[in-house]
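The numbers here are math on the coordinates, done by the rules we state, and not lab data. Computed from a predicted structure; not experimentally measured. Note that each Cβ is placed from the backbone with ideal geometry, even for glycine, and that neighbours are counted across all protein chains shown.
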Amino acid sequence: MKAALTRQRRLIGTGALLATLHQAGEVSVPFLIGVIIDRAVDGGVGDLFLWLGVLGGVYIGLSYSFRYGARAGARASEQAAHDLRLQVTRRVLHNRGGAEEGRLPGALVSIATSDTARVGGVAVAIVYGTAAVVAVVFTAVLLLWISIPLGLLVLLGLPPLMWLGQRIGQPLEERSETEQEHAAEASGVAADLVEGLRVVKGLRAEEAAVSRYRQRSQVALTATVRAARTEAAYQGVVLTVSGLFLAVIAVVGGILAVRGDITVGQLISSVGLAQFLVGPLSTFGWVGADFAQARASSRRIEAVLSAPVAVTGGDAVPVTPVKGQIDLRVRDVTVKIAPGETVGIVATDAAAAAELLQLLGRSSDPADGVVELDGVTLAALEPEDLRAAVLAVEHHTDLFDGTLRAAVSLDRADPGTVDAAMAAADADEVARTLPDGLDAVLGDGARTLSGGQRQRIALARALATEAPVLVLHDPTTAVDAVTEARIATRLRAMRDGRTTILVTTSPALLAVTDRVVFLHEGAVRADGTHGDLAAADATYRETVLA
């Protein structure tokens, strides 16, 4: 939080200065009114008009200073929040990963939006908090000029008042952090349910999904209500104590006026200054609440920014040009893939298949073993450079909003490659069904398309990268058998000469591979062509053909 606000120190300083000038003008108004009343009582017409002119000038000054001070504070707040959002986004998208561990996507969105906004709002709190402190000090100086007892009363009473506000704000900070955590979890559950809406409906699990969200939302609501009650109690206590403090000032001023120690104008100035103090003192209330909530949000942001990376070390670049030779030796599994070879990997354990994708894409490094690309261990390579050479596409993929062409090309592949990839993945048929073809806009993550259509577009996107090594995990599970066979033939033709690894149990895809590695019970059980394995190994046959 400190670093984000420090970068906005110029805007915050400007806003605080202008807000302070505004508050100084506000303080001057009741004081000048008292002076004008005394001049009118004394009969000095010239002085009366002079001080009226001064009062008018003060009003003009405080009007402009408030306008531009508020603008500077709001700009600092938005820019600080924007910088934090970029930091969180960069950390979440970092090529070494780790920030997403233990956090739902919706929770990360909540941190990147709600929490960053709260921290950014501290800039406004600093602007107005600084101005409020100066206003109180300036008020005390004027009261000292009017009457030393009144001035001392304000100066001596203010520190205990601020200390009390800080003490009673601590429970608010704790409950605010709890509120944000539960709200983030509820957002995460909601995001997951919306993303998997088709699956939920297909399984007729709407009631279970609603019940799950209702429970999580109720927990978040309870935490929010507790935080709101604490904030309301905090504000109420601050206003009550401030009101009592102002009442004491007014009573003391009245006593001094009765005794003749101050004039009628000074009494009016004293009462006006006491009433003015309601504003700065109430400002302390919401500023304290904002700081408490921002500290809680700051800790959540820091937890994301300081999250340990999933893969450490490695700053080398792959051998150029990339040949595509893969050597994998992890525990009891040893797989060697020659450059340009198309290999199928069949695993009876779904977790083993998922682990292969993570290791080849270097989302994680093997705890026991090594994976090499062209004789260089993946752990020695910089993840971004590695992923330009080895693209590991998991079974579940997301499509971004935008045109179909942009979804496939990612604004990098040339039109000819996009057309070839679309044809190989049979996604050109999807384009023909859309009114604008490749220029059709895929809104809402392309959820209006069927699962098979989305899968074909995702496959086309992977093929369009022309990666030297392409690893695909079950890329055709949502398409019919005829389409799958067509895709398998075209995929093999497009990837000819480049290393391709198909982690799948699809007979159509396995039939076009050079060979298949069969993993069973944590080890390589067999290695051969799809036809030979299907004929000789009952376990393989059951896994692939069942």
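All Cα-Cα distances of segment 326-545, cut into 5 Å bins from zero to the largest, leave 1, 7, 15, 19, 19, 16, 11, 7, 3, 1, 0 percent in each bin in turn. As a rough footprinting exposure proxy, the listed residues Ser364, Ser110 were ranked by other beta carbons within 10 Å of their own, and the order from fewest upward is Ser364, Ser110. For Ala388 and Thr539, a Förster radius of 41 Å and the Cβ-Cβ distance give a FRET efficiency of 0.65, rounded to the nearest 0.05. Packing, as the average of other Cβ atoms within 10 Å across residues, places the peptides 59-71, 418-430, 490-502 in the order 418-430, 490-502, 59-71, highest first. Using the Cβ-Cβ distance between Asp401 and Ala303 with R0 set to 51 Å, the FRET efficiency from 1/(1 + (r/R0)^6) comes to roughly 0.95.
Please work out whether segment 319-403 counts as rounded, prolate or oblate from its C-alpha gyration tensor, where a ≥ b ≥ c are the square roots of the eigenvalues and a/c under 1.5 means rounded, while otherwise a/b larger than b/c means prolate and anything else oblate? It is oblate, given that a/c is not under 1.5 and a/b is not larger than b/c.
A Cα-only calculation for segment 374-439 places Rg and Dmax at 15.3, 49 Å. In segment 284-433, the convex hull through the Cα atoms has an average projected area of 14.8 nm², a quarter of its surface area. Between Lys2 and Ala380, residue separation times 0.36 nm minus the direct Cα-Cα distance comes to 132.5 nm.
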